Amino acid sequence: MVMHTVSSYRFESLEETISQLSKEDCQIIAGGTDIMVQHKSPRGVPAKFEKPIVFIDHLKELKKIYQNNQDIHIGACCSYSELLKHPLIPKILKVAIQQIAAPAIRNRGTLGGNICNASPAGDTLPLLYIYNAKIKLRSSKGERLIEIKDFIQGPRKVKISKDEILTEIILPEVQEEGTHFVFEKVANRRADAIAKISFAGSLRLDEGRIIDARFAFGAVGPTVVRFMDIEQTIVGEAFPLDNMVIDRVVAGFDRKINPIDDHRSTAVYRKTVALNLLRYFLKKRAFKEGHRIN
Amino acid sequence: MIKFKLNGKEVETSAPPTLRLIDLLRDEFDLIGTKEGCGDGECGACSVMVNNLVQNSCLIPIGAIECADILTIDGYSKTELFKILSDCYSEAGAVQCGFCIPGMVMASAALLSENPNPTEEEIREGISGNLCRCTGYNMIVDAISLAAKKGDGIW
Amino acid sequence: MLNKDISTSVKKKEHDGKVSGQLPYISDVKLDTLLYGVLYRSPVAYGKVRSIQLPPLPAGYEKIGAEHIPGNNFVKILKEDQPIFANEWVNYIGEPMFMLVGPELDILYQLLEQVEVDIEEHQAIFTLKEAIEQKDQAGIFASHEFGEDLDVIQSIEKNAHQVIVEEYETGYQEHVYLEPQGMLGIYKQDEILVEGSMQCLYYVKNALVSALACEDDEVRVIQSPTGGGFGGKEDFPSMMACHVAVAAKVVKKPVMLLFDRAEDMEVTTKRHPAKFKYRTALDKQGNILCMSVELFLDSGANAGLSPVVLQRALLNSAGVYKIPHFHAKGYALKTNTVPNGAFRGFGAPQSFAAIESHMGHISKKANRDSIEYKRNYMVKQGDPTITNGKFKDPVLLEDMIMDLMKVTDYAKKKAEYRSFNQKSNRYKKGIGASFFLHGCGFTGSGERDHIKATVKLAKTENDGVQIKISNADIGQGVLTTMSKIVAKELDLPYEDISFPYPDTKVVPDSGPTVASRTTMIVGKLLERAAKKLKEQWQSGVAQEVIEHYVHEEMIPWNEEKFSGDAYPAYAWGINFIEVEVDTLTGNVRVEKVYGSFDIGKAIDERIVKGQIDGGLVQGIAYGFMEKMTSKSGRIQQKSISDYGPPTAMDVVHIESKLFDNPYAGGPYGAKGVGELPLTGGAPAVQAAIEDALQISFYQIPVTPEYIIESLMKKAGEALD
Ligand SMILES: Cc1cc2nc3c(=O)[nH]c(=O)nc-3n(C[C@H](O)[C@H](O)[C@H](O)COP(=O)(O)OP(=O)(O)OC[C@H]3O[C@@H](n4cnc5c(N)ncnc54)[C@H](O)[C@@H]3O)c2cc1C
Ligand code: FES
Ligand code: FES
């Protein structure tokens, strides 16, 4: 019986890391909070990996947060704790991050990891969808940008090639002023819990009319879902919204969302709660600062 | 060879980089204070500090800790700050079966070093990754507030 | 330190070792030549084993199976139906069939994957519902029936204004002790030594003597520091002990068996799911004329402790109420699922959740406030129990309720919440209460006939005193409380009393660490032993005193007829709980928790508070958070977060109060406290959710899914 151990790399620079990826198919480990659980062996046996490991969470190049024009650039390996402390990170994103796991995981888990793991229950994802976040990928051949909705294909499935690394998440033009955001995570307890369903929404108003509307749901399908065609139908409507309009929007989502039963919850629950939260957000007569986190 | 600092001393190991930190600590360095309650990052019994931040040692492949500064309960329990926490845990009646306690102490220490005067809410959040099935948490929360007071100025 | 009032708290004996992490639990033990065991578990819920094919085993690796058991291939509990290694029939998914033993876990797991087992599958019973429907086809482990004649009940029902028929269900509860199960078997020339995480040393020892077919002095059991038990380490460790002992005997080396969390969640015992069927006849004013209940426990694949759990469930089926013409019938049924066993409360939490719920629902039908309604039926001192025993000691429930009504400002709060709920669309608030008791010690004459506890106190020539009992500190503070009792009696400083982790070579059988009996029964024996030692005290001389259990005069218990005094004493409690429910998500936030308890007298206030807090949090979570399900014989929630026990953020401070009511049979008046605080959590939280939503619920946990479903139904009815 043979025990094999895989080789592993931990380079000082992003450059060297990328160069290695161009030569060899590797398993990237950032914080490891997803990958170590997925590759876990029974107690007392080391985690099993097929491919050589590349550690990236120490790379300074992947830990920067800065603003360029109106866009916010977030290094893929910023941990949740680092994001929570940074002034450039939008408040509502912090609301979501604050609800992820618990401090110890937030000290390790990274934004890039949450995206690449591509769980439909990933807590940063619904907001990244409504921000139209762009994913910057780099390989030895160069860089490319891709919209998050195109990047994420399904659970643990993302459009990345073997030689690429996710370097930055770009939030285009975040206008916090004048936009009303909501993020609600529904889970079986208040910490260390995976979302049964999550909802992110934003409404931008101008002189009593909606000029931009976005809604995204987590854990109701294989990926986070957003339906821009429905969103468009309320652009231009007067706010507060007419009940008929609200009914129409909710009915639209009702037709499109198809969650499943699993060990965490039921399809009926997921759908009902998703629509409840949407309706509640749409029904708001007015927006106040802050909202209750459950 | 992976080199890092463990409880104040420079150490190195030739163990494979995918080995979990918890296994390295317990098996190679005989540090039994770090406990395994789940191996999934869900109980906090394995909490240690990595560069002063509390983390779950069951989720850390040791390849990732090159050059890091690791503090475990075995090292921390030799400090003055630990003594305060230990006394407060006793005074508040925070210890029952004890299996969560070393991890809980590490989480408490991390919390207090970052926020020496936490509110009750902040304490609850600070230990929210540490499962305790015996105490119902309240006496642990009390122990931490007590420690904040007793160690005022030195956290 | 000389202790004045026994209730004053002291530093726990084992504090330093625990807080520094240096006290070794079983998984911390290291030995040269240590081998590990891994179990091959049945992949099938019910079937006949046709063949087992192993891959070639490398040198140093062995298969340990039924063929290696010198004695009986069953774990000695109550019935002989639980194989140590299932080699003929398998009865549930996860049942151990054999064990592979060797030096490297990695290799052991690889070997396990290459095992091929051929099992002829038979039709399994997966749910309690199926078990109830088919119960007459040999699926009954135990049943009892007692109370009013059914003829009488029938004629009362005939003349009643209405008969309320209600069903109620309770779910699994998983212990999630923080330390997973672990056991170590050590081969020695003249004995097999087993060390591990456990509550009941002599259960383990007796199981070993039976499995190894050996003399009493050929096996020895030592308890390791135990990372929580809650009943989960009452019966289950006996099986693991047999596994490692048989293996150690064969390979002549130490063998360690440690469970992974997922394995622990999937295959170890849990709280029995239960179903209750009530028929209650009411008169025009809503007064109860008679009540009959049928209850069913899902025992899982073997009897285990289920027959005794059933007894406790039945004995508590009328709650704290004196119900006219009460009749009860109960069954412990077999299903092909993981065996259920002991869990803090032992059948009582199910029954209290059910009866409190039912009484609450009846009070609604009668248009009366549920607390006021329940108070009409509350038992008082001198009243008979449902088995025609007697509540002979003072019952302080009334005082406790009056007090908490005042503290919570109950009437005002109700009004406040009503108006809050009218204004608030999303969040609704409610308050609920529960009233409960716990019979302390073993049921009936168990202490006298089965346990026959013995304790020893040994004094050294240096006048140090050592406690020798088989009761295990699993976090509840036994090392400390027992030492305090002995110290106080001997007028010695508490530090002078030593109480090492028990070893059957050294300690007599003072009984298992269960049934909230340790403080009351064993503590009392130690108090007597200490008194005796004091009388005989000779400084500088080694001395030993022994005390045996003496049965208190009661109305004799008849297990056949289910009559007489089931318990020598009762501890009592009430809870008030306030919640806020999010009607959009069904999420419940517990906002306030009050508990008042009569546990006789606290031996250590801090320890008692710890029991109250920990137990109540488990009980509350049982009522609305912790959800475990089984699908086709497989447990679905295999990780802590999927199951969802509360985190520190799910809990609030608990305002608890003790009502002194010393019991003469307990040390310094102490009764049991271990299980009581769990019992009232679920019913109080359910009542509070019902109050907030004005909806009745018929099962626990009252999950967000159940709440949303009920709210939808209510909205649908409103439309109709
Ligand atoms: C106990 C526990 C609780 C949790 N709770 C939550 C929660 O509440 N909400 C939530 O959303 N998540 C939760 N998670 C999941 C996890 O913590 C997050 O998804 C985290 O963001 C993952 O980041 P990481 O850096 O640890 O990822 P890793 O595990 O390192 O990586 C995950 C995947 O992404 C790939 N990857 C990572 N970074 C890059 C990169 N820069 N370029 C290319 N590929 C990359 C890796 O190869 C791997 O396939 C929890 C996990 C645990 C163990
Ligand atoms: S053992 Fe690491 S979190 Fe449980
Ligand atoms: S003291 Fe037992 S789990 Fe915390």
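The values are calculated or read from the model by the stated rules, or taken from the named source; none is laboratory data. Every value quoted in this text rests on a predicted model; they were computed, and no experiment measured them. Methodologically, a virtual Cβ is constructed for each residue, glycine included, from the backbone with ideal geometry; neighbour enumeration extends over all protein chains shown. Keep in mind that these areas ignore ligands, DNA and RNA; they rest on the heavy atoms of the full protein, side chains included. Shrake-Rupley method; radii C 1.70, N 1.55, O 1.52, S 1.80 Å.
Diagonalise the Cα gyration tensor of the protein assembly as shown and give the resulting equivalent ellipsoid semi-axes, square root of 5 times each eigenvalue, largest first, whole Å.
Gyration-tensor ellipsoid for the protein assembly as shown: 47, 39, 29 Å.
Which far-off residues, 5 or more places away or on another chain, put their amide H under 5 Å from the one on A:I53, with H placed in the peptide plane?
Under 5 Å from the amide H of A:I53 lie the amide H atoms of A:S7, A:S8, A:Y9, A:Q27, each far enough along the sequence or on another chain.
For the range C:170-247, what is the charge dipole size about the Cα centre, in debye to the nearest 20, if Lys and Arg each add +1 at the Cβ and Asp and Glu each add -1 at the Cβ?
It comes to approximately 180 debye.
In whole angstrom, note down how far apart the Cα centers of the range C:569-587 and the range C:304-378 are.
Taking the Cα centre of the range C:304-378 as reference, the centre of the range C:569-587 is 17 Å away.
Tabulate in residue order the Karplus-calculated ³J(HN,Hα) for the range C:200-215, using 6.51 cos²θ - 1.76 cosθ + 1.60 with θ = phi - 60°, rounded to whole Hz; enter x for Gly and Pro.
Calculated HN-Hα couplings, in order: 10, 4, 7, 4, 5, 4, 4, 5, 5, 4, 5, 6, 8, 6, 10, 6 Hz.
Tabulate in residue order the Karplus-calculated ³J(HN,Hα) for the range A:142-156, using 6.51 cos²θ - 1.76 cosθ + 1.60 with θ = phi - 60°, rounded to whole Hz; enter x for Gly and Pro.
x, 10, 9, 10, 9, 5, 4, 5, 8, 6, 7, 10, x, x, 6
Jot down the radius of gyration and Dmax of chain C, Cα atoms only, both in angstrom.
When restricted to the Cα atoms of chain C, Rg and Dmax are 25.8, 87 Å.
Per residue in the range C:261-307, which ones lose no less than 30 Å² of accessible surface when going from chain alone to all protein chains (1.4 Å probe)?
C:R261
Could you tell me which residue out of C:Y278, C:L310, C:S299 lies farthest along the dipole of the range C:267-321 toward its positive end? Charges go on the beta carbon: Lys and Arg +1, Asp and Glu -1, centred on the Cα centre.
Result: C:S299.
With all protein chains present, calculate the accessible area of C:Y40 using a 1.4 Å probe and round the result to the nearest 10 Å².
30
Can you give me the distance in nm between label points at C:D449 and A:A267, each placed 7 Å from the Cα along the Cα-to-Cβ direction?
Modelled inter-label distance: 5.4 nm.
Using a cut-off of under 18 Å, list every residue of the range B:69-103 whose amide N is near the label point 7 Å from the Cα of B:E122 along the Cα-to-beta-carbon line.
Hits in the range B:69-103 for B:E122 at 18 Å: B:85.
With every protein chain left in place, what is the accessible area of C:F326 in Å² (1.4 Å probe, nearest 10)?
Using a 1.4 Å probe on the heavy atoms, I get roughly 20 Å².
Helix-only estimate, please: 222 nm mean residue ellipticity of chain B, summing -39500 (n - 2.57) across DSSP H runs of length 4 or more and dividing by its residues, to the nearest 500.
It lands at -9500 deg cm²/dmol.
I need the shape label for the range A:8-171. Rule: rounded when a/c is under 1.5, else prolate if a/b > b/c, else oblate, with a, b, c from the alpha carbon gyration tensor.
Taking the square roots of the gyration eigenvalues as a ≥ b ≥ c, the range A:8-171 is oblate.
Can you give me the orientation-averaged projected area of the convex hull built on the Cα atoms of the range C:331-424, in nm²?
Over all viewing directions, the range C:331-424 projects a mean Cα-hull area of 10.3 nm².
Residue by residue through C:419-429, how many Cβ atoms from other chains fall within 10 Å of the Cβ on average?
1
Show me, bin by bin at 5 Å from 0, the whole-percent P(r) of the range C:502-563 based on Cα pairs.
4, 13, 17, 20, 19, 12, 8, 4, 2, 1, 1
With r as the distance between the Cβ atoms of C:Q189 and C:A542 and R0 = 35 Å, compute the FRET efficiency 1/(1 + (r/R0)^6) and round to 0.05.
So the FRET efficiency works out to roughly 0.80.
Each residue of the range C:587-598 in turn: what ³J(HN,Hα) in whole Hz from Karplus with 6.51, -1.76, 1.60 and θ = phi - 60°, glycine and Pro shown as x?
Karplus values, whole Hz, x for Gly and Pro: 6, 10, 10, 7, 9, 9, 9, 10, x, 10, 9, 10.
The range C:234-319: Rg/Rh from Cα coordinates, Kirkwood Rh?
Ratio of gyration radius to Kirkwood radius: 1.26.
Calculated from DSSP H runs of 4 or more alone, at -39500 (n - 2.57) each and per residue, what is the 222 nm mean residue ellipticity of chain C, nearest 500?
Taken over chain C, the calculation gives -9000 deg cm²/dmol.
Ignoring ligands, DNA and RNA and using a 1.4 Å probe, state the total buried accessible area between B and C in Å², rounded to the nearest 100.
Counting protein atoms only, the buried area is about 3900 Å².
Tell me the label-point distance for the pair C:H161, A:V37, using the 7 Å Cα-to-Cβ offset, in nm and rounded to one decimal.
If labels sit at C:H161 and A:V37, their model points lie 5.5 nm apart.
Summing +1 for each Lys or Arg and -1 for each Asp or Glu, what net charge is found among the other residues whose Cβ lies under 11 Å from the Cβ of C:A247?
+3
Using a 1.4 angstrom probe on protein heavy atoms only, which residues from the range A:153-192 are buried by at least 30 Å² of accessible area when all chains are present rather than their own chain alone?
Residues passing the criterion (a loss of at least 30 Å², heavy atoms only) are A:N188, A:R189, A:R190, A:A191, A:D192.
Tell me which residues come under 5 Å, amide H to amide H, from C:V117 once H is placed; ignore anything under 5 positions away on its chain.
Those lying under 5 Å, H to H, from C:V117 are C:Q53.
Go through C:L78, C:L711 and list them by solvent-accessible area, largest first, probe radius 1.4 Å.
C:L78, C:L711
Treat each spin label as a single point 7 Å out from the Cα along the C-beta direction, and report the A:N132 to B:E66 distance in nm.
For the pair A:N132/B:E66, the computed spacing is 4.0 nm.
Would you list B:L24, B:L146 from the most to the least accessible area, probe 1.4 Å?
Accessible-area ranking of B:L24, B:L146, largest first: B:L146, B:L24.
Out of residues 5 or more away from A:R189 or on other chains, whose amide H comes under 5 Å of its own, with H placed 1.01 Å from N in the peptide plane?
Amide H to amide H, under 5 Å and 5 or more residues apart or across chains, A:R189 pairs with nothing.
Calculate, for the protein assembly as shown, the solvent-accessible area per residue in square angstrom, rolling a 1.4 angstrom probe over the heavy atoms of the protein chains.
36
Suppose we look only past 17 Å in the calculated P(r) of the range C:1-98. What percent of the Cα-Cα pairs does that tail hold?
Within the range C:1-98, distances greater than 17 Å cover 70 percent of Cα pairs.
Normalise the Debye intensity by I(0) for the range C:443-518, one equal point scatterer per Cα, no solvent, then take log10 at q = 0.11 Å⁻¹ and round to two decimals.
The computed values of log10 I(q)/I(0) come out as -0.29.
Looking at this model, which pairs from A:K159/A:K185; C:K135/C:K374; B:K35/C:K609; B:K83/C:K11 are more than 23 angstrom apart at the alpha-carbon?
Flagged as over cut-off: A:K159/A:K185; C:K135/C:K374; B:K35/C:K609.
Bin width 5 Å, alpha-carbon pairs only: give the P(r) of chain B as whole percents, running from 0 to the bin holding the largest distance.
Per 5 Å bin, starting at 0, the Cα pair percentages come out as 2, 10, 20, 23, 19, 13, 8, 4, 1.
Between the range C:522-547 and the range C:429-456, what is the C-alpha centre distance in whole Å?
27
If you take the accessible area of A alone plus C alone and subtract the pair, what total do you get in square angstrom, rounded to 100, with a 1.4 Å probe?
In total, this chain pair buries about 3200 Å².
Assign unit charges at the C-beta atoms only (+1 for Lys and Arg, -1 for Asp and Glu), then state the dipole size of chain C relative to its Cα centre in Debye, rounded to the nearest 20.
1520
Which percent of the accessible heavy-atom area of the protein assembly as shown goes to carbon and sulfur, probe 1.4 angstrom?
Percent of accessible area from carbon and sulfur atoms in the protein assembly as shown: 49.
Take the residue pairs C:K233/C:K484; A:K283/C:K714; A:K256/C:K428; C:K413/C:K713; C:K270/C:K334 and return only those whose Cα atoms are more than 23 Å apart.
Violating the 23 Å limit, Cα to Cα: C:K233/C:K484; A:K256/C:K428; C:K413/C:K713.
For the range C:605-709, what mean projected area does the convex hull of the alpha carbons give, in nm²?
Its Cα hull, projected and averaged over all orientations, spans 9.5 nm².
Can you quote the Å³ per residue value for the convex hull of the Cα atoms in the range B:80-150, rounded to an integer?
72
Cβ under 12 Å from C:T170's Cβ, C:T170 left aside: what net charge do those residues give with Lys, Arg +1 and Asp, Glu -1?
My count for the surroundings of C:T170 gives -1.
From largest accessible area down, sort C:F343, C:F442; use a 1.4 Å probe on the protein chains.
From most exposed to least exposed: C:F442, C:F343.
What is the sum of charges, Lys and Arg at +1 and Asp and Glu at -1, for the other residues whose Cβ falls under 15 Å from the Cβ of C:K76?
-4
Cα-based Rg (one decimal) and Dmax (whole number) for chain A, in Å?
Radius of gyration, then largest Cα-Cα span, for chain A: 20.0, 73 Å.
Can you figure out the FRET efficiency of A:K162 with C:L57, using R₀ = 60 Å and their beta-carbon distance, to the nearest 0.05?
Once the sixth-power term is evaluated, E becomes 0.95.
Could you state how much accessible area B:S108 has, in square angstrom rounded to the nearest 10, with a 1.4 Å probe and all protein chains kept in place?
My reading of the accessible area for B:S108 is about 0 Å².
So for the range B:2-76, what percent of the C-alpha to C-alpha distances run longer than 19 Å?
21
Over all distinct Cα pairs, what is the inverse of the mean 1/r for the range C:279-390, reported as the Kirkwood hydrodynamic radius in Å?
Hydrodynamic radius (Kirkwood, Cα pairs) of the range C:279-390 is 15.0 Å.
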